[in-house]
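To start, the structure under review is shown below, and the notes come after it.
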């Protein structure tokens, strides 16, 4: 999949008891999940193979950690900045004669970095997938929100262009599905992208694109109304819930199209019909 082929991102939702998911329509609010909340137990589980590194490579990597984190006031796995500087110096001294301890310490710091990120998952150009409706939309009783990816991507790119990007601005990545558990070189520049976006091939029906960012206090991203292209309700979505969505959309300043999933005659495939409100 090429990034240029993506027109719309879809987010599958359902009518939960606490009314949380309907906020996706009410407020254009999208939730970012941490590693522990993901439904794939292998997500974010890839780790670099430090044992394959030479002592010289390890020392360079440790110094890079100091420059990128400790010197910038980021604690990583340390209690204070001074503690971090002290531990970094100890690691450098122990590379040559206590390799295992150094490796364990680097893994702890890497774990800290990974746990400090959160993701919001979408599927690409894919409102009609029967499994997605089953797995993520309460067995076809929920709804699906379509987002204009070009507008979203331009927003992110403009933030970068004008150096306004911060922890609130996500970065988008296409998920890569693989059959074999990959080995990651600890000095690979793209190692974090590989960790955050590699999944087992059994998940490839999801056609996932992820927004990734550092954790925030509210774990949500609010998008402008004009970023929302359409709302699609599931095949088994009941009339009361459809009316809830209608009433929300009526009061929005931007007209958003509403559709309902229908089964194509004599087929295992879906179509969608517009609901006028």
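A compact table of results
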read-out: Segment 1-72 and segment 181-209: distance between their alpha carbon centers, rounded to Å; value: 10 Å
read-out: Packing-based ranking, highest mean first, of 101-111, 260-270, 31-41, 7-17 given that Cβ atoms within 10 Å are counted; value: 7-17, 101-111, 31-41, 260-270
read-out: Per principal axis, descending, Cα span of segment 50-115 in whole Å; value: 28, 23, 16
read-out: Rounded Å value of the spacing that divides the Cα centres of segment 215-276 and segment 77-143; value: 33 Å
read-out: All Cα pairs of the chain, percent lying beyond 30 Å; value: 40 percent
read-out: Gaussian network model of the chain, springs between alpha carbon atoms under 10 Å - residue of 158, 207, 28 with greatest fluctuation; value: 158
read-out: Between 0 and 90°, nearest 10: helix 239-250 axis offset from the chain longest Cα axis; value: 80 degrees
read-out: Over segment 1-113 - Rg/Rh using Cα atoms and the Kirkwood inverse-distance radius; value: 1.16
read-out: Considering only the chain, percent of DSSP beta bridges that pair antiparallel, nearest 5; value: 80 percent
read-out: Between helix 99-115 and the chain: long-axis angle, C-alpha atoms, 0 to 90°, nearest 10; value: 30 degrees
read-out: Nearest-ten-degree value, helix 55-68 long axis tilted from longest Cα axis of the chain; value: 60 degrees
read-out: Pairwise FRET efficiency - residue 204 versus residue 51, Cβ, R0 = 30 Å, nearest 0.05; value: 0.50
read-out: Gaussian network model of the chain, springs between alpha carbon atoms under 10 Å - residue of 80, 254, 197 with greatest fluctuation; value: 80
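Quick note: the coordinates plus some simple rules give every number you see, no bench work behind them. As the structure is a prediction and not an experimental result, all values here were calculated from the model. Every residue, glycine as well, gets a Cβ built from its backbone with ideal geometry; the counts of neighbours run over all protein chains shown.
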